[in-house]
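Colleague: Here it is: the structure, laid out below.
The values are calculated or read from the model by the stated rules, or taken from the named source; none is laboratory data. Since the structure is predicted, the reported quantities are computational estimates derived from the model, not experimental observations. Glycine also receives a Cβ, built like all others from the backbone with ideal geometry; neighbour counts cover every protein chain displayed. Quick note on the areas: whole protein, heavy atoms, side chains included, nothing else; ligands and nucleic acids left out. Shrake-Rupley method; radii C 1.70, N 1.55, O 1.52, S 1.80 Å.
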Amino acid sequence: MPIFEKASESTVTRAIVRQFSKDMEEYSDTDVIIVGGGPSGLMAARDLALNGIKALIIERNNYLGGGFWIGGFLMNTITVRAPAQKVLDELGIKYEKFSNSLFTTPGPLACSKLIAAACESGVKILNMVMFDDVVLREKNRIGGVVVNWTPVSALPRQITCVDPVALESKLVIDATGHDAEVVHKLEERGVLKVPGFGGMWVEQSEDAVVEHSGFAHPGLIVIGMAVSTTFGLPRMGPTFGAMLLSGRKGAQIALEELKKR
Ligand code: 48F
């Protein structure tokens, strides 16, 4: 007696294609596209989806989580400064108190729980997909993103003429970390000037990142370490509270903007 019931190869293929096509069609025009599935992007997407917003994460890697799996120096302890441990409480992530103001948690635990929270909230995810360009409307307002499969960028030069596709959205969030890919694309097009992030100053940078999280350009919100790059703020070091709170703030700003429309 076999353990599993029958499903032939073509049935399995059809199941994959049908679900993927359904999602792709539904999310080709969405409320918010979040470029980058690191801690700030996951947090923003989760908060948006919990508020009934159609949120789509574009992630170039197979895996989500960005730098949240590992703390500093390839050591997988994550640190957060108070009051960000309250977000860990909310996500059901266990942590330990290192001092009155600093808490530690294992990267794999924190990261997998945050990914699960985003997925369970209803966020859609396109992984192995790279942000390539912006869709620009009147007065250079962002109207969506141009994307391609990540492996296309690794193809030999003679076969790289694989056209991308575009996805429309009411808002785009740049959560691509230090690279600030969406913001840099606007700089490349002469729309923005990007100062780049400054030297490290943990105690200044966390507050500054959260304070500056928000619109960088019409249609474009910036969160996480992309905020440092966009506004020339100090870099942060391996502490993650500001990534979670910046994502949360980005989601709040997006919600307020969407309510006006
Ligand atoms: O770098 P990342 O974790 O960004 P974050 O949310 O958090 C920063 C911290 O991890 C850490 C820090 C704070 O202590 O300094 O660095 O700001 O995640 C960025 C995600 O964006 C993806 C990338 O693979 C990663 O998962 N990403 C970057 N460029 C692209 C992209 C792109 N062109 N298309 C799609 N995804």
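Colleague: If I compute solvent accessible area with a 1.4 Å probe over the protein chains, what percent of it on the stretch 1-46 is carbon and sulfur?
Modeller: Carbon and sulfur: 61 percent of the exposed surface of the stretch 1-46.
Colleague: Separate question: Tell me the per residue accessible area of the chain using a 1.4 Å probe; a whole number in Å² is fine.
Modeller: Normalised by residue count, the accessible surface of the chain is 53 Å².
Colleague: Taking Cα centroids, how far is the stretch 188-261 from the stretch 111-141 in Å?
Modeller: Centre-to-centre distance over Cα atoms comes out at 16 Å.
Colleague: Then there is this: In the stretch 186-261, what percent of the accessible surface is made up of carbon and sulfur (1.4 Å probe, ligands and nucleic acids excluded)?
Modeller: Roughly 53 percent, rounded to a whole number.
Colleague: What length, rounded to one decimal in nm, is gained on full extension from Leu109 through to Arg14, with 0.36 nm per residue of separation minus their alpha-carbon distance?
Modeller: The span from Leu109 to Arg14 would gain 30.8 nm if fully extended.
Colleague: Please report the relative contact order for the stretch 1-154, taking Cα pairs under 8 Å with a sequence separation of at least 6, and give it as a percent rounded to a whole number.
Modeller: Details: 226 pairs, mean separation 35.3, N = 154.
In percent, rounded to a whole number, it is 23.
Colleague: Before anything else, pin down the relative contact order of the chain: Cα pairs under 8 Å, at least 6 apart, normalised by residue count, whole percent.
Modeller: 22 percent
Colleague: Please list the radius of gyration and Dmax for the chain, considering alpha-carbon atoms only, with Å as the unit.
Modeller: Expressed in Å, the Cα Rg and Dmax of the chain come to 19.1, 67.
Colleague: Separate question: Would you mind telling me which residue in Leu64, Leu48, Leu88 has the biggest mean-square fluctuation in a Gaussian network model of the chain, where springs connect alpha carbons within a distance under 10 angstrom?
Modeller: So, out of Leu64, Leu48, Leu88, the one fluctuating most is Leu88.
Colleague: Which trypsin sites (Lys or Arg not before Pro) in the stretch 149-193 sit in a loop by DSSP (not H, G, I, E or B) and have at most 15 other Cβ atoms within 10 Å of their own Cβ? Could the numbers behind the result be given before it?
Modeller: On the way: sites: Arg157, Lys170, Lys185, Arg189, Lys193; in loops: Arg189, Lys193.
Filter output for the stretch 149-193: Arg189, Lys193.
Colleague: What aspartates and glutamates sit close enough to Lys260 to cross-link, taking a C-alpha to C-alpha distance under 15 Å and skipping anything fewer than 8 places away on the same chain?
Modeller: List returned: Asp31.
Colleague: Tell me the carbon and sulfur percent of the accessible area for the stretch 111-165, rounded to whole percent, probe radius 1.4 Å.
Modeller: Solvent-exposed carbon and sulfur of the stretch 111-165 make up 55 percent of the total.
Colleague: Counting other C-beta atoms within 10 Å, and keeping those with at most 13, which DSSP coil chymotrypsin sites (Phe, Trp or Tyr not before Pro) do you find in the stretch 1-81?
Modeller: Sparse-neighbourhood loop chymotrypsin sites (Phe, Trp or Tyr not before Pro): Phe4, Tyr63.
Colleague: Let me ask you something else. If the elastic network links every pair of Cα atoms under 10 Å, which of Gly144, Gly37, Gly199 fluctuates the most in the Gaussian network model of the chain?
Modeller: Looking only at Gly144, Gly37, Gly199, the largest GNM fluctuation is found for Gly199.
Colleague: Ok, one more. Would you mind checking Lys22/Lys113; Lys113/Lys139; Lys139/Lys259; Lys193/Lys249; Lys6/Lys94 for any pair whose Cα atoms are more than 31 angstrom apart?
Modeller: From Lys22/Lys113; Lys113/Lys139; Lys139/Lys259; Lys193/Lys249; Lys6/Lys94, over 31 Å: Lys113/Lys139; Lys6/Lys94.
Colleague: Per residue of the chain, what 222 nm ellipticity follows from adding -39500 (n - 2.57) for every DSSP H run with n ≥ 4, rounded to the nearest 500? Let's see the in-between values first.
Modeller: Working: 8 runs with 98 residues, N = 261.
Rounded to the nearest 500, the figure is -11500 deg cm²/dmol.
Colleague: Shifting gears a bit: What shape does the stretch 93-171 have by the C-alpha gyration tensor, where a ≥ b ≥ c are the square roots of the eigenvalues, rounded means a/c under 1.5, and otherwise prolate means a/b greater than b/c and oblate the rest?
Modeller: prolate
Colleague: Could you check what % of the DSSP bridge pairs in the chain are antiparallel, to the nearest 5?
Modeller: 50 percent
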